[in-house]
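Data first, discussion second: the structure below is written as C-alpha cells.
Readers should treat all values here as calculations from the given coordinates under stated rules, not as data from a laboratory. Predicted, not measured: the structure shown is a model, and the values here were computed from it. Heads up, the Cβs are rebuilt from the backbone with ideal geometry, glycines too, and the neighbour counts pull from every protein chain shown.
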Amino acid sequence: MPRRSPSTPRTPVRVAVMVSGSGTNLQALLDAIEADPDFGGEVVVVGSDRAGAGGLDRARDAGIPTVVCALADAPDRPTWEAGLRAELEQHDPQVIVLAGFMKILTAVFLAGWPDRVINTHPSLLPAFRGARAVGEALAYGVKLTGCTVHLVDEQVDHGPIVAQEAVAVRDGDTETSLHGRIQRVEHRLLPAAVKLLCHGALQLDGRHVRAVLDPDTPDPDTPDPKEPS
Ligand code: GAR
C-alpha cells in the first residue's frame with residue numbers, strides 16, 4: 001500500500017547548512033528544495049570553518065547568507081564553537097545539516113538543537129569513522145562501503161542512523177572514484193533525510209530511528225485486525 005507523504009509544515013523549517021569543502025551535498029539539498037514544493041524546509045544560512053570552501057560560493061550564488069568562523073581566528077576551541085553558534089543563531093535555524101563539515105562539535109553546541117543536527121558520512125557506520133573514511137575503507141580492502149546519514153550526538157560519527165546505503169568497491173578504484181560514487185548516493189539520501197526531519201517525521205527510540213510518514217496511514221507490515229489471517 002503506498003504511503004501518503006507527511007503533511008508539509010505550514011512555515012518552512014529554517015535550515016542551516018555547515019560545509020568545509022566543495023559543497024556538492026549542499027547543492028543537492030538546494031536542488032531538492034527547489035524541485036519539491038512539499039519539502040518543508042528552506043536553507044537560511046550556510047556556515048563554514050574555511051573562508052575558501054567552495055560550498056560558500058554555491059550559497060552566495062543561491063543568494064543565501066554565509067558565515068565563516070575559522071578555528072585559527074579564535075583563542076581556543078570553546079570560544080570558536082560559541083562564536084559559531086552565536087553567528088548561526090542570528091539566523092534562527094531550527095535544523096542544522098552538516099554537509100561535509102570537518103570539525104567536531106561538542107555537546108555544548110548540540111544542546112542548542114537537540115536531535116536536530118544531522119550529518120552525512122562517507123562510510124557504512126560504525127565502520128570507518130573520522131575524516132579519512134573513504135581512504136581507510138579502500139586501504140582495508142572492503143568490498144562494500146557506502147554512506148550513512150545520522151543524527152549527531154556528542155561522539156564522533158556515532159549518533160542514531162537515519163539512512164544508509166551501500167556502494168560496491170570496484171577493482172582499480174581510487175579514493176576519488178569511490179568517493180564520487182558515494183557522493184552520488186549522499187546527494188539522494190541526505191535531502192530525503194532532511195525532508196523527514198523538517199516534517200517532524202523522525203521518531204527516536206534510543207539509537208533506533210523510525211520514519212513516521214503519516215500516523216494515520218496503516219503500516220503495510222502490521223496485520224489489519226479486521227482482516228482474516
Ligand atoms: C561528503 O562525502 C561527506 O560525507 C564527507 O565530506 C564530503 C563532502 O562533500 N564528510 C565527512 O567525511 C565527515 N566525516 P561535499 O563538500 O562535496 O558535499
(message) Run the simple label-point estimate for A72 and T11 please: 7 Å along Cα→C-beta, distance reported in nm.
(response) 4.0
(request) Provide, as a two-decimal number, the C-alpha radius of gyration of the chain over 2.2 N^0.38 Å, N being how many residues it has. (result) 1.06
(request) Two decimals is fine: what is log10 I(q)/I(0) at q = 0.25 Å⁻¹ for the stretch 47-95, from a Debye sum with one equal scatterer on every Cα and no solvent? (result) -0.97
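Starting from the Kirkwood radius over alpha-carbon pairs of the stretch 3-75, derive D by Stokes-Einstein at 10 °C in a medium of 1.306 mPa s and give it in µm² s⁻¹.
Taking Rh from Cα pairs, D becomes 120 µm²/s.
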(request) Would you mind giving the three semi-axes, in whole Å and largest first, of the ellipsoid equivalent to the stretch 83-190 according to its Cα gyration tensor? (result) 28, 13, 12
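Given the alpha-carbon gyration tensor of the stretch 11-51, what are the semi-axes of its equivalent ellipsoid in whole angstrom, ordered largest first, with each equal to the square root of 5 times an eigenvalue? Before the final figure, lay out each step's value.
On the way: eigenvalues 84, 29, 4 Å².
Result for the stretch 11-51: semi-axes of 20, 12, 5 Å.
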(message) Quick check for me: using +1 on Lys/Arg Cβ and -1 on Asp/Glu Cβ, what's the dipole size of the chain about its Cα centre, in debye to the nearest 20?
(response) 260
(message) 7 Å from Cα along Cα→Cβ at both V108 and E175: what's the point-to-point distance in nm?
(response) 3.1
(message) Over the Cα atoms of the stretch 1-136, what radius of gyration and what Dmax do you get, in Å?
(response) 15.6, 57
